[in-house]
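The structure appears right after this line, and notes come after that.
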Amino acid sequence: MTTLLEVSGISVSFDGFRAINNLSFTIGPAELRAIIGPNGAGKTTFMDIITGKTRPDRGTVRWGPMADSLLSKSEAEIARAGIGRKFQRPTVFEDQTVAENLMMALKANRNPFAVLFWRPKPADHARVAALATEVGLADHLARKSGELSHGQKQWLEIGMLLAQEPKLLLVDEPAAGMTLAEREHTTRLLVDLARTRAVVVVEHDMDFVRRLNCKVTVLHEGSVLAEGSLDHVTKNPAVIDVYLGR
Amino acid sequence: MTRSFLATHPSVLIFLLILSLFTIGVTILSEAYGTAFISTSFVKTLGKTLCLCLVALAMDLIWGYAGILSLGHMAFFALGGYMIGMWLMYARTEEIVLSALANEVLPPTTEEVTNGIAAQIFGVVGASELPPIWGFAHSLPLQLLLVIAVPGLLALAFGWLAFRSRVTGVYLSILTQAGTLALALWLFQNDSGLRGNNGLSGLQNIPGLAHVPQAELSIWFFWASAAALGLTYVALAWLVSGKFGSVIRAIRDDEARVRFLGYSVEGYKLFLFTLTAMIAAIAGALYYPQAGIINPAELAPIASIYLAVWVAIGGRGRLYGAVIGAAFVSLLSSWFTGGRAPSIDLGFYTINWVDWWLVLLGLSFVLVTLFAPKGIGGLIDLAAHLRAPDRKGAALGPDDSALREKEARE
Ligand SMILES: Nc1ncnc2c1ncn2[C@@H]1O[C@H](COP(=O)(O)OP(=O)(O)OP(=O)(O)O)[C@@H](O)[C@H]1O
Ligand SMILES: [Mg+2]
């Protein structure tokens, strides 16, 4: 199988504290992967490293068919290369409308001069409307996103992620603050997306992970503790220890 | 497209209408073309005020929209003034030297003329040679190019260094203040080539237009300033109305998040910093011929702080707010400091406004920041029945420069 992203041997310390310890991870171009692990296991930090927010002290991150190193790229370059991210806490631009948020995320040239003269065409409006429908915000396009509920902001952020059309989606706890029906919708959406691209989902909720029905990576104290199907990893004594032993 | 832009942005039309009415009104009341109700010196004050409104627009774009509190834009304004001042002084001195040499038997050589000009201009600082930076001063088109090129390149270099190292917030403000101070101190030196603390003077005399009375010239400059303000207003309103506007407001509220959307935040900041520096320079190039004199004191760091105060008092993040703030505060300021405001006799102490105006300004700034963060623009929201969203005190983004709840409109 070809790999889309290959992370090998990364470590990072914050003031002497090893948040990520010799971690390796690979994912293919159309694969769904769940990452679980107790609080503080380093899941968010792992995403920070891939997206360029945090520089690792050691290790390599390689991307795409040419295995380009991502470590020398800025956050914006990494995003443009095709890595989209949804944050743990929903972060949308609250002073702007739902439509403006989606329009900004829409895949297009990001150069300031190009953006300056860019005006939405009917096709762009249609795409924004379609995305809003997909995430259930069709009736809220003209509202400031700051007024939305927590769950709606989560959806808006997922919509923005879709608008970017990334090759790899990193989704940090998408289901937090969602109702059961919304969780099921999210599951379907993520499974569907993973048919055409790579999706990495960080989630605490085991039922949610079970419904994703995919390979699971368990992180603990900054390294991979176990990897495999959910049933396989939950039988692993080391995993049981980590989850129940504290 | 432009038509639909004006139709969907009525505030731009209203602004242009008010500006036109104001321009016509002043013309009708002027000495040169009307009833002479307004003195020429007051026409100049009004023309200069329009230039200050123009630089305030630049400040609002960079601070109000993009959240970059630059406290150095008045340096670009002054640099624009210096660049146009060099041509004004050179060409005017050339006229004087030529007429003085016209009585000689032999026609003067180019060298004699240049030496004459140099001696005239640089006699005050004890030099008699034209410094190399005056190399373009003989040509109006070249010197006009320098009006935007010099501040633009300076802003580009400064911005590149600052933004690349991700200097933000208060540190960036301090850095711009330091840069302004350094530039002013350099200009104060006699060997800077710009006449040290004498600065450039006689700028109100336009070469080739000696026969035109100041009353007429002042109206011409007033018109030019109004046209520049109107055009820039439309251009900036267009700029902030599209996706570019969305991106820069997003940078103001949460720049880290913008990066993850794939926008190079540093590139946008650099673009804006340079663009607004050039707008400021154009404003300065229109201002100083009306003021007549420019010297390094114009680059005092405090001037750039005033600029921020005007925008804050007018209401940041709305272009008309910047214009209202700059016009209101600067006119009020010239009224108070011009000795025209009546002193208040408290019996034990007389409030002399020339001394107390700054205290009043500082106090109103504090009060506006605390109690009316939308500034004067908030009054317009009241009239238009816009209200702040209920965010229980939270700002609209995590960055220091993010709009505060009370500044946002629904
Ligand atoms: N910038 C930072 N400075 C210092 N310590 C940090 C920093 N970022 C993360 N850490 C620490 O690194 C560890 C891993 O944090 P991380 O946020 O990656 O955990 P997580 O697996 O995402 O946890 P959660 O499930 O709570 O989201 C934590 O102990 C955290 O305190
Ligand atoms: Mg986390």
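The values are calculated or read from the model by the stated rules, or taken from the named source; none is laboratory data. If you're wondering where the values come from, they're calculated on a predicted model, not measured in any experiment. Cβ sites come from the backbone with ideal geometry, for glycine too, and all protein chains shown count toward neighbours. These area figures cover heavy atoms from the full protein model, side chains too; ligands, DNA and RNA do not enter into them. Shrake-Rupley method; radii C 1.70, N 1.55, O 1.52, S 1.80 Å.
Miscellaneous remarks
- Placing unit charges on each Cβ (+1 for Lys and Arg, -1 for Asp and Glu) gives chain B a dipole about its Cα centre, and among B:Val43, B:Gly321, B:Trp353 the Cα reaching farthest toward its positive end belongs to B:Gly321.
- Inter-part distance where region A:97-136 and region B:192-249 are each reduced to a Cα centre, Å: 36
- Whole-Hz ³J(HN,Hα) from phi, Karplus 6.51 cos²θ - 1.76 cosθ + 1.60, for region B:173-180, glycine and proline x: 4, 5, 4, 5, 5, 4, x, 4
- Cα-centre dipole for chain B with unit charges at Cβ (Lys and Arg positive, Asp and Glu negative), debye to 20: 1480
- GNM top mover of B:Ala303, B:Ala395, B:Ala210 - chain B, alpha-carbon springs below 10 Å: B:Ala210
- Net charge over other residues, Cβ less than 15 angstrom from the Cβ of B:Ile96 (K, R count +1; D, E count -1): -3
- Amide H to amide H distances under 5 Å link B:Ile376 with B:Gly314, B:Gly315, where only residues 5 or more positions off or on other chains count and H is placed in the peptide plane.
- Taken as Cα centroids, region B:281-338 and region B:110-158 sit 26 Å apart, rounded to the nearest whole angstrom.
- Taking all protein chains together, B:Arg164, B:Arg92, A:Arg195 sort by accessible area into A:Arg195, B:Arg164, B:Arg92, largest first [probe 1.4 Å].
- Close amide H pairs (under 5 Å, H built 1.01 Å from N) link A:Ile35 with A:Val201, A:Val202, A:Glu203, A:Thr217, residues at least 5 positions away or on another chain.
- Summing Cβ point charges (Lys, Arg +1; Asp, Glu -1) relative to the Cα centre of chain A gives a dipole of roughly 480 debye.
- For region B:237-254, 3J(HN,Hα) per residue [Karplus equation, 6.51 cos²θ - 1.76 cosθ + 1.60, θ = phi - 60°, Hz, x = Gly/Pro]: 4, 5, 4, 7, 7, x, 5, 4, x, 4, 5, 6, 5, 5, 4, 4, 8, 6
- Cα gyration tensor shape for region A:36-112, rounded if a/c is under 1.5, else prolate or oblate: oblate
- Cross-link table A:Lys107/B:Lys243; A:Lys144/B:Lys243; A:Lys86/A:Lys215; A:Lys43/A:Lys235; A:Lys153/A:Lys215, entries beyond 23 Å C-alpha to C-alpha: A:Lys153/A:Lys215
- Note on exposure: A:Asp172, B:Asp399 ranked by accessible area (1.4 Å probe, complete protein assembly) read B:Asp399, A:Asp172, with the most exposed listed first.
- Charge context of B:Ser334, other residues only, Cβ under 14 angstrom, K/R +1, D/E -1: +3
- Whole-Hz couplings from phi, Karplus 6.51/-1.76/1.60, listed for region A:3-10; x for Gly and Pro: 10, 8, 10, 10, 9, 9, x, 7
- Given +1 at the Cβ of Lys and Arg, -1 at the Cβ of Asp and Glu and no other charges, the dipole of the protein assembly as shown around its Cα centre is 1480 debye to the nearest 20.
- Solvent-accessible ranking of B:Thr168, B:Thr8, largest area first, probe 1.4 Å: B:Thr8, B:Thr168
- Positive-pole candidate from A:Leu169, B:Ala184, B:Ser173, dipole of the protein assembly as shown, charges at beta carbon: A:Leu169
- Three-way shape call for region A:44-84 based on the alpha-carbon gyration tensor, with the a/c threshold at 1.5: oblate
- Taking the DSSP bridge list for the protein assembly as shown and keeping only pairs wholly inside it, about 60 percent are antiparallel.
- Residues with amide H under 5 Å from that of A:His220, placed H, sequence gap 5 or more: A:Leu225
- Region B:15-95 shape via C-alpha gyration tensor axes, a/c threshold 1.5: oblate
- In Å², nearest 10: area of A:Leu193 left accessible to a 1.4 Å probe: 20
- Each stretch of four or more DSSP H residues adds -39500 (n - 2.57); spread over every residue of the protein assembly as shown, this sum gives -18000 deg cm²/dmol at 222 nm.
- Computed accessible area, A:Cys214, all protein chains, 1.4 angstrom probe, square angstrom: 20
- Rounded to the nearest 10 Å², the accessible area of A:Asp57 at probe 1.4 Å: 100
- Spatial separation of Cα centroids for region A:183-235 and region B:251-280, in angstrom: 37
- Cα lying deepest toward the dipole's positive end in chain A, options A:Leu70, A:Cys214, A:Ser24, charges on Cβ: A:Leu70
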